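Colleague: Pasting in a structure now, in structure tokens, and then I'll have a few things to ask.
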Amino acid sequence: MKALTMGIFHDLAEARTGDNDFVTKNYTVSDEMRAANDQFSGFSFGKDLFAEFEEYEKRESKISKCVKDADCLAQMFMEWSLAWQGNKLAEKWFKGDLRHRVPHLKTKSAKKMITLIKNSDPQEWWWHDLVVKKGPNLKHLNG
């Protein structure tokens, strides 16, 4: 439950501070702690949510490290999916993340998962199940 809460709420402060890209981050100062504190104030379990946010930002606990890895994997999966669709920028980001982000992943499972993603075909699951096993359904082609 703790990992789920962290995963859902870790980016919430960006609703107030903005999700700055890498260039913009070089020229701006963002106070995400203040934004999160403001967002979580005023209701009974706000302090608990802020504590989860703070734990995620510190990246000291096993849970926060796992959640950060999951966040990186989600980003890289999106880049990989877009790259397969022909998006050259996404492909460049994915290759860059393989070099610069993957070595800093904290969990063995995240490193294994990104290797599986990198070496897979995003259409394999449906092609095999829907075309190979069941045979092609060509009814839609001729009305």
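None of the figures in this text is laboratory data; all of them are computed from the coordinates on show. Everything quoted here is computed from the prediction, not taken from an experiment. Positions of Cβ are backbone-derived with ideal geometry, glycine not excepted, and every protein chain shown enters the neighbour counts.
Colleague: Per DSSP H run of n ≥ 4, the term is -39500 (n - 2.57); total these for the chain, divide by its residue number, and report the mean residue ellipticity at 222 nm rounded to 500 deg cm²/dmol.
Modeller: -17500 deg cm²/dmol
Colleague: Using 10 Å bins from zero, what percent of all Cα-Cα pairs in the chain falls into each bin?
Modeller: 10, 28, 30, 18, 10, 4, 0
Colleague: State the answer as a single residue: which of Q75, T107, T28 lies farthest towards the positive end of the charge dipole of the chain, with beta carbon charges of +1 for Lys and Arg and -1 for Asp and Glu, about the Cα centre.
Modeller: T107
Colleague: Taking the chain as a Gaussian network, Cα atoms linked when under 10 Å apart, which of S44, S64, S109 shows the biggest mean-square fluctuation?
Modeller: Highest fluctuation of the listed residues: S44.
Colleague: Once you've got the Cα coordinates, tell me which of K2/K92; K25/K88; K68/K88; K47/K112; K2/K95 are over 29 Å apart.
Modeller: K2/K92; K47/K112; K2/K95
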